[in-house]
Amino acid sequence: MKKLIRSELLKQRTLRFPLIALAAAAIAGGLTAIALITTAGHADNPPLDRHSLSQILHGPFAVVAGAALLLGILGTAGEFRHQTITSTLLVAPRRGRLVAAKVLVHAGLGATLAVVACTASQVVAVPWLSSQGIPLGAPIDVVRVLVGGIAAAALFGAAGAGLGALLGSQTAAVSVSLVWLLAVEGLVVSLTSTPTLHEWLPGGALSVLARGGTGPTTGVPLWVAAGCAVAYAGALLVAGSLRLITRDVA
């Protein structure tokens, strides 16, 4: 397993997209902090208060989640797109272990993106808020957002790897994930007229986890949302593993 993980890490180091994703996470973290601070108290935006730092740290999560998901999809479905899956399986014929290695690596990449984004946000926000006399909030709330965001980004990366293995097509996997997150979940909530349902769905559960249970919520406990998020990601990983194990890639 260690050799497979090292091999997957080597593949990521030879690609440009992971570096681009890291740079995008850092830029998104800094720009989000600037935007939230400068627009606070204007128009319909609430003024800065002791909850602002937690909100700022959560701000770039959409970018981080999208990048983590895409990295996971490209890491598995990309093997089929570039026709390298055959040579990969000749070196690593135990397909279940191969999927596990890809999942671990891309979960780690997702977590790394979250750490980079949160670090950039803190570098901008902490001195700025302190200079204006704004309390930084309870440390436990900040820690919950940090840990929740990192965990959710890791699950997005792992889910992307599972979805890529399941569908075997970059285009299909990206399309399905975007349509689900941007349209289907909202449509389900609208058709059922049940706003609380959103936080039981994959995107909503991961969003609650990323907020660490802080901020606006419709009442789903953090531990329940975390359990749902892990279950959804796990289902994709199992389905992707079974699909890769049983499919003919010759």
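The values are calculated or read from the model by the stated rules, or taken from the named source; none is laboratory data. Only a predicted model underlies this, so the values are computations on that prediction, with no experimental measurement involved. Methodologically, a virtual Cβ is constructed for each residue, glycine included, from the backbone with ideal geometry; neighbour enumeration extends over all protein chains shown.
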Problem set entry | First in the range 29-52 and in a loop (DSSP other than H, G, I, E, B), second anywhere and of a type in the set (Val, Ile, Thr), Cβ under 6 Å, 6 or more apart | Asn45/Thr39; Leu48/Ile134
For this session: Working carefully through the options Gly157, Gly203, Gly186, find the one that is in contact (Cβ under 8 Å) with a residue 24 or more places away in the chain, touching a helix residue (DSSP H, G or I) at 6+ places or on another chain (Cβ under 9 Å) and small (Gly, Ala, Ser).
Result: Gly157
For this session: Inspect all residues belonging to the range 76-98 and state whether any of them is within 17 Å of the chain's Cα centre (by Cα), among the hydroxyl-bearing types (Ser, Thr, Tyr) and under 13 Å from Leu155 (Cα atoms).
Result: no
For this session: Report, ordered by the first and then the second residue, all pairs with beta carbons closer than 8 Å, sequence separation of six or more or different chains, a first member in the range 97-122 that is over 19 Å from Lys2 (Cα atoms), and a second member that is outside any helix (DSSP H, G or I) and of a type in the set (Gly, Ala, Ser).
Result: Ser121/Gly59
Seminar exercise, completed: Exactly one of Leu136, Leu129, Leu197 is surrounded by 20 or more Cβ atoms within 10 Å (Cβ to Cβ), more than 30 Å from Gln83 (Cβ to Cβ) and modelled with pLDDT under 95, and that residue is Leu129
Exercise. Just one of the numbered conditions (1) among the aliphatic types (A, V, I, L, M); (2) over 20 Å from the mean Cα position of the chain (by Cα); (3) over 22 Å from Trp223 (Cα atoms) is not true of Ile140; which one?
Worked result: (3)
Seminar exercise, completed: Note: among Val188, Val208, just one is touching a Ser or Thr at 6+ places or on another chain (Cβ under 7 Å), part of a helix (DSSP H, G or I) and surrounded by 13 or more Cβ atoms within 10 Å (Cβ to Cβ), namely Val208
For this session: Determine whether the range 141-162 contains at least one residue that is at pLDDT below 95 and either farther than 26 Å from Leu22 by Cβ or in contact with an Asp or Glu (Cβ under 8 Å, 6 or more places away or on another chain) (or both).
Result: yes
For this session: Return a yes/no flag: does the range 110-123 have any residue that is buried (at least 22 other Cβ atoms within 10 Å of the Cβ), polar (S, T, N, Q) and over 13 Å from the mean Cα position of the chain (by Cα).
Result: yes
Seminar exercise, completed: The residue that is modelled with the highest pLDDT, considering only those in the range 90-109 that are of a type in the set (Gly, Ala, Ser) and surrounded by fewer than 21 Cβ atoms within 10 Å (Cβ to Cβ), is Gly108
Problem set entry | Number of the exception - Thr171 against (1) polar (S, T, N, Q); (2) part of a helix (DSSP H, G or I); (3) crowded, with 18+ Cβ neighbours inside 10 Å | (3)
Seminar exercise, completed: Among (1) of a type in the set (A, V, I, L, M, F, W, C); (2) farther than 22 Å from Leu57 by Cβ; (3) outside any helix (DSSP H, G or I), Leu242 falls short only on (3)
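Consider Val64 carefully, then state whether it is buried (at least 24 other Cβ atoms within 10 Å of the Cβ), modelled with pLDDT of 95 or more and farther than 22 Å from Lys3 by Cα. Steps first, answer last, please.
Working: buried (at least 24 other Cβ atoms within 10 Å of the Cβ): yes; modelled with pLDDT of 95 or more: yes; farther than 22 Å from Lys3 by Cα: yes.
Yes; evaluated as a whole, the condition is true for this residue.
Yes/no matrix, rows are residues, columns are (1) among the β-branched types (Val, Ile, Thr); (2) under 22 Å from Ala226 (Cα atoms); (3) in a loop (DSSP other than H, G, I, E, B):
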| position | (1), (2), (3) |
| --- | --- |
| Leu89 | no, no, no |
| Leu109 | no, yes, no |
| Ala125 | no, no, no |
| Leu129 | no, no, no |
| Ile150 | yes, yes, no |
| Ala154 | no, yes, no |
For this session: Identify, from the list Leu178, Leu236, the residue that is buried (at least 16 other Cβ atoms within 10 Å of the Cβ) and assigned to a helix (DSSP H, G or I).
Result: Leu236
